[in-house]
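Below are the structure tokens for one structure; questions will follow.
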Amino acid sequence: MDLKTSLDTFPGIGPARAKALKKLGLETVGDLLSYYPRAYEDRTKTHTISNAPADIPVCVSAMVAEAPSLSRIRKGLNVTKCRIVDHTGSAQVTFFNQDYVRHALEPGESYIFYGRLEVMGRHRQFTNPVFEREDRTRFTGRIMPVYPLTAGVSNNLLAGLALPSVEECARLVPDQLPEEICRSHELCGAEYACRNVHFPADTEALAVAKRRLVFEELFFLSCGMSFLRRRRSDAAGRSFPSRSPEEFLSLLPFPPTGAQRRAMGEIAADLSSGKPMNRLVQGDVGSGKTAVAAYAAWVTHAAGAQTALMAPTEILAHQHFETLTKLLAPARIVVGLLTGSMKAAEKKSVKEALARGDIHLVVGTHALLSEGVEYADLGLVVTDEQHRFGVGQRSALSSKARTAPHVLVMSATPIPRTLALLIYGDLDVTVIDELPPGRTPVETYLVGEDKRQRMYNFVRKNVSQGRQVYIICPAVEEGEGSDLKAVTAYAKTLSERVFPDLRVAFVHGKMKGKDKEAVMSAFSRGEIQVLVSTTVVEVGVDVPNAALMIIENAERFGLSQLHQLRGRVGRGQWKSFCVLVTGNRSQETLERLRYFTKTTDGFKIAEKDLELRGPGDFFGRRQHGLPTLQAADLAGDTRVLKEAQEAAGELLETDPDLRAPEHQTIKEKVRRLFAEDGDIFN
């Protein structure tokens, strides 16, 4: 076995499992060794039934006293039960929908059970514990890794593949950090890190292993970012002469905020600098980013060049098209629209007008990237909601220009500064931290299940005043989590039983694009009064008439996501409300949600979310086109991040192009890490 050994050669890995593993990016032993656990279970101590602590996961050694019995409760639900005993007492073990247990647990045999022991008086019970025969244990008596999973891949399956892989191949993992860096930063070797991140000898060994892996990851990331920044500052770009913003400001229906003026000033300086602009404009929902993008397009048009604005959905593209047409028509700027659902003849005429230069600003979806879309002179690329577009798409649009165009990225997702510098390391960051006057903050409330009827009455009250309502659910269909509100079933209940007299509709991500757009358009036209949805509405429609946002199972969402959802209301002149519904009683959860009800500052919420949940909401190749972090947690690892950035800085000071023979492995690793960025070293 070596790092290139395919996982489908392991016993028990057939085509279906291989396909499920591939979804996680796992095809070889090497992939598996760099797929790190997300948590750990301490299975080092074994207890007896009577002395095992209740309600925390523990290992109990016991014998199966009787053959397990299987009973079918209803369609789709069966229960397997058996009694286990040791010299101190007995307990019942219950398994839901795990029929195989009937044959896996043999009476008279001893097993180690791992799970939470519930104690009710003298009665003790395990529900769905994991178990192993005592004479064949692999995963008890040790600290057990818990991996991120997908449908068809259990933790036991992954750990079962990881164990022999680590034992045989950890020694083959290349040590990619230079020896002097490991020495000066007191980092363990690659083999030790690999063994102890998967199957730690103890908690101290795990901490040592994680520090090494986190440092390594952030070190290579920092090197790559330095190259991206340098490549950008060396590139030649077009210079668009500065113009006094006053002429543009007269087009706006409202006076700009100080933050908008500052953003416009920074953009004007970028556009006239002779280097390609690469700027991220971050601002909370409703902070006026579109006006800032319009200003950039106005300056670009004055210099005789075109602007392309790419939006993540057709509805958003339509909204931008209408807003910008109204705003820029007095300046004689022609705005065009190009989306996938337009008729062939419409598309053809827009493409021809673009190629002739008759359209000065084109707004669209991914259609702007399609073949056959030519620009007379593309000078500025604006992408909205960057975290919906990878870096790859940004550069695909840029490649339609004759010389490197200016790039402006707009995001309504507030991102803490530490993270913004990493995620958008190749961009300059502008923050619009003021809301335009007249925007009333959304009042936010947290309610329990016992207030459901009052909440429904509140929905009726809003609708009777002519307003519209969003109801957000975490699941699409029933069965994705037994206790979760599911869009399809809940919408049916609401329209048939709760609000039979109201116009209720639903929308979710699994629907066809056309159907989804049709529902969202009907909602924005006011034809639907109550829209039941998953988070697909998080980025999108501007419906000024929607004044109430209800979020079911609110505990299932991160604070940043709740903030995005709340931003869908409060866009008109009406007083708006956001109601979080939860049946969860955990103190920690309730405190987190209460924090959210008390602040509407997106940046404070993002900082809190980062502190509580780590960077999951902000990071990942899927979102940004930048390397995904496997080991580092940017909330907790800021000290290591600083150390790694300094180490990368020192190295690149002595060898800026990584030409030295001993630095070739670093160069290669950075090249692979930033594969989506073209050749980073050019």
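Looking only at segment 278-286, decide whether some residue is under 22 Å from Leu369 (Cβ atoms), open to solvent by 10 Å² or more (accessible area, probe 1.4 Å), within 22 Å of the chain's Cα centre (by Cα) and not aromatic (Phe, Trp, Tyr). Quick ask: steps written out before the conclusion?
First pass over segment 278-286, keeping only residues under 22 Å from Leu369 (Cβ atoms): 278-281.
Those left that are additionally open to solvent by 10 Å² or more (accessible area, probe 1.4 Å): 278-279.
Add one more test, that the residue is within 22 Å of the chain's Cα centre (by Cα), and what stays is 279.
Remaining after also requiring not aromatic (Phe, Trp, Tyr): 279.
Checked against the condition, which is being under 22 Å from Leu369 (Cβ atoms), open to solvent by 10 Å² or more (accessible area, probe 1.4 Å), within 22 Å of the chain's Cα centre (by Cα) and not aromatic (Phe, Trp, Tyr), segment 278-286 yields at least one hit.
Among the residues of segment 486-543, count how many are open to solvent by 40 Å² or more (accessible area, probe 1.4 Å), under 26 Å from the mean Cα position of the chain (by Cα), among the β-branched types (Val, Ile, Thr) and at pLDDT 85 or above.
1
Going residue by residue through segment 545-554, is there one that turns out to be open to solvent by 30 Å² or more (accessible area, probe 1.4 Å), modelled with pLDDT of 85 or more and within 21 Å of His320 (Cβ to Cβ)? Break it down into steps so the answer makes sense when it comes.
First, the residues of segment 545-554 that are open to solvent by 30 Å² or more (accessible area, probe 1.4 Å): 545.
Subsequent filtering for residues that are modelled with pLDDT of 85 or more retains 545.
Of the ones still in play, those that are also within 21 Å of His320 (Cβ to Cβ) are 545.
Checking segment 545-554: at least one residue is open to solvent by 30 Å² or more (accessible area, probe 1.4 Å), modelled with pLDDT of 85 or more and within 21 Å of His320 (Cβ to Cβ).
Right, here's the next one. If a residue must be assigned to a loop (DSSP other than H, G, I, E, B), surrounded by 15 or more Cβ atoms within 10 Å (Cβ to Cβ) and touching a residue at least 40 places away in the same chain (Cβ under 8 Å), how many such residues does segment 576-600 contain?
Of the residues in segment 576-600, 3 are assigned to a loop (DSSP other than H, G, I, E, B), surrounded by 15 or more Cβ atoms within 10 Å (Cβ to Cβ) and touching a residue at least 40 places away in the same chain (Cβ under 8 Å).
I would also like to ask the following. In segment 198-219, which residues are assigned to a helix (DSSP H, G or I) and open to solvent by less than 30 Å² (accessible area, probe 1.4 Å)?
Restricting attention to segment 198-219, the residues satisfying the condition of being assigned to a helix (DSSP H, G or I) are 198, 203-219.
Once the filter is applied, which keeps residues that are assigned to a helix (DSSP H, G or I) and open to solvent by less than 30 Å² (accessible area, probe 1.4 Å), segment 198-219 yields His198, Ala205, Leu206, Ala209, Arg212, Leu213, Val214, Phe215, Glu216, Leu218, Phe219.
What's the number of the only condition in (1) open to solvent by 10 Å² or more (accessible area, probe 1.4 Å); (2) more than 25 Å from Val507 (Cα to Cα) that Ala308 fails to meet?
(1)
Would you be able to tell me the number of residues in segment 248-288 that are acidic (Asp, Glu), modelled with pLDDT of 85 or more and more than 15 Å from Ala303 (Cα to Cα)? Steps first, answer last, please.
From segment 248-288, those acidic (Asp, Glu) are 266, 270, 284; that's our starting set.
Among the residues that remain, those that are also modelled with pLDDT of 85 or more are: 266, 270.
If we keep only those that are more than 15 Å from Ala303 (Cα to Cα) as well, we get 266.
Qualifying residue count for the region: 1.
Using the structure shown, decide if Ala269 is in contact (Cβ under 8 Å) with a residue 12 or more places away in the chain, in a helix (DSSP H, G or I) and surrounded by fewer than 16 Cβ atoms within 10 Å (Cβ to Cβ). Talk me through it step by step, then tell me what you get.
Values: in contact (Cβ under 8 Å) with a residue 12 or more places away in the chain: yes; in a helix (DSSP H, G or I): yes; surrounded by fewer than 16 Cβ atoms within 10 Å (Cβ to Cβ): yes.
In short, yes.
Conditions (1) at pLDDT below 70; (2) part of a loop (DSSP other than H, G, I, E, B), marked per residue:
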| site | (1), (2) |
| --- | --- |
| Lys608 | no, no |
| Ala632 | yes, yes |
| Ala635 | yes, yes |
| Leu641 | no, no |
| Ala644 | no, no |
| Ala647 | no, no |
| Leu651 | no, no |
| Leu658 | no, yes |
| Glu662 | no, no |
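Considering only residues of segment 7-48 that are among the β-branched types (Val, Ile, Thr) and in contact with a helix residue (DSSP H, G or I) (Cβ under 7 Å, 6 or more places away or on another chain), which is most open to solvent (accessible area, probe 1.4 Å)? Steps first, please.
Step one: filter segment 7-48 for residues among the β-branched types (Val, Ile, Thr), giving 9, 13, 28-29, 44, 46, 48.
Remaining after also requiring in contact with a helix residue (DSSP H, G or I) (Cβ under 7 Å, 6 or more places away or on another chain): 13, 28-29.
Values: Ile13: 15, Thr28: 37, Val29: 0 Å².
Result: Thr28.
Continuing with this model, one more query. Looking at (1) surrounded by 13 or more Cβ atoms within 10 Å (Cβ to Cβ); (2) over 39 Å from the mean Cα position of the chain (by Cα); (3) in a loop (DSSP other than H, G, I, E, B), which is the only condition Asn51 fails?
Failing condition for Asn51: (1).
Here's a follow-up. Consider Tyr35 carefully, then state whether it is closer than 18 Å to Val130 by Cα, at pLDDT 85 or above and under 26 Å from the mean Cα position of the chain (by Cα). Talk me through it step by step, then tell me what you get.
Details: closer than 18 Å to Val130 by Cα: no; at pLDDT 85 or above: yes; under 26 Å from the mean Cα position of the chain (by Cα): yes.
So Tyr35 fails the test.
If you don't mind, another one. Only one of Ser222, Ser226, Ser244, Ser233 is at negative phi and either open to solvent by 60 Å² or more (accessible area, probe 1.4 Å) or at pLDDT 85 or above (or both); which? Working first, answer last.
Details: Ser222 fails: either open to solvent by 60 Å² or more (accessible area, probe 1.4 Å) or at pLDDT 85 or above (or both); Ser226 fails: either open to solvent by 60 Å² or more (accessible area, probe 1.4 Å) or at pLDDT 85 or above (or both); Ser233 fails: either open to solvent by 60 Å² or more (accessible area, probe 1.4 Å) or at pLDDT 85 or above (or both).
Answer to the check: Ser244.
Also, I was wondering about something else. Read through the list (1) open to solvent by less than 50 Å² (accessible area, probe 1.4 Å); (2) farther than 19 Å from Ala401 by Cβ; (3) at pLDDT below 85, then give the number of the only condition that Ala367 fails.
(2)
While we're here: Kindly list the number of the only condition in (1) part of a helix (DSSP H, G or I); (2) among the β-branched types (Val, Ile, Thr); (3) modelled with pLDDT of 90 or more that fails for Ile315.
In the conditions (1) part of a helix (DSSP H, G or I); (2) among the β-branched types (Val, Ile, Thr); (3) modelled with pLDDT of 90 or more, Ile315 misses (3) alone.
Among the residues of segment 54-63, write down those that are in a loop (DSSP other than H, G, I, E, B) and either of a type in the set (Asp, Glu) or closer than 11 Å to Tyr111 by Cα (or both).
Taking segment 54-63 as the starting set, the residues that turn out to be in a loop (DSSP other than H, G, I, E, B) are 54-56.
Matches in segment 54-63: Asp55 only.
Please tell me if Lys81 is under 30 Å from Val214 (Cα atoms) and open to solvent by 70 Å² or more (accessible area, probe 1.4 Å). Before the answer, list the steps.
Working: under 30 Å from Val214 (Cα atoms): no; open to solvent by 70 Å² or more (accessible area, probe 1.4 Å): yes.
Taking the combined requirement at face value, the residue does not satisfy it.
Which count do you get for residues in segment 136-152 that are open to solvent by 50 Å² or more (accessible area, probe 1.4 Å) and either of a type in the set (D, E, K, R) or under 12 Å from His198 (Cβ atoms) (or both)?
So the first thing to find is which residues in segment 136-152 are open to solvent by 50 Å² or more (accessible area, probe 1.4 Å), and the list is 136-138, 141-142, 149, 151-152.
Retained after the next criterion (residues that are either of a type in the set (D, E, K, R) or under 12 Å from His198 (Cβ atoms) (or both)): 136, 138, 142.
So the count comes out to 3.
Let me ask something else about it. Kindly indicate whether Phe220 is farther than 14 Å from Pro145 by Cβ and either within 23 Å of the chain's Cα centre (by Cα) or not hydroxyl-bearing (Ser, Thr, Tyr) (or both).
Numbers: farther than 14 Å from Pro145 by Cβ: yes; either within 23 Å of the chain's Cα centre (by Cα) or not hydroxyl-bearing (Ser, Thr, Tyr) (or both): yes.
Yes, satisfied.
So the check is Cβ under 7 Å with 6+ separation or different chains; which pairs have a first residue in segment 111-136 that's within 18 Å of Lys81 (Cβ to Cβ) and at pLDDT below 90 and a second one that's part of a helix (DSSP H, G or I) and not hydroxyl-bearing (Ser, Thr, Tyr)?
Sorted first by the residue in segment 111-136, then by its partner, the pairs are Val130/Asn156.
Filter segment 562-574 down to the residues that are over 12 Å from Leu593 (Cα atoms) and in a helix (DSSP H, G or I) and list them by number.
We begin by selecting, within segment 562-574, every residue over 12 Å from Leu593 (Cα atoms); these are 564-574.
The answer is Gln564, Leu565, Arg566.
Give segment 85-101 a look and list any residue that's open to solvent by less than 40 Å² (accessible area, probe 1.4 Å), part of a strand (DSSP E or B) and without any contact (Cβ under 8 Å) to a residue 40 or more places away in the chain, or say none.
Val85, Asp86, Val93, Thr94, Phe95
Restricting to segment 169-189, give me the number of residues that are under 12 Å from Arg212 (Cα atoms) and assigned to a helix (DSSP H, G or I). Don't jump to the end; show me each part of the working.
Of the residues in segment 169-189, the ones under 12 Å from Arg212 (Cα atoms) are 175-177, 181-183, 185-189.
Then keep just the ones that are assigned to a helix (DSSP H, G or I); that gives 181-183.
The total comes to 3.
The values are calculated or read from the model by the stated rules, or taken from the named source; none is laboratory data. These figures come from a predicted structure and were not determined experimentally. Methodologically, a virtual Cβ is constructed for each residue, glycine included, from the backbone with ideal geometry; neighbour enumeration extends over all protein chains shown. What goes into the accessible areas is simple: the full protein's heavy atoms, side chains included, and nothing from ligands, DNA or RNA. Shrake-Rupley method; radii C 1.70, N 1.55, O 1.52, S 1.80 Å.
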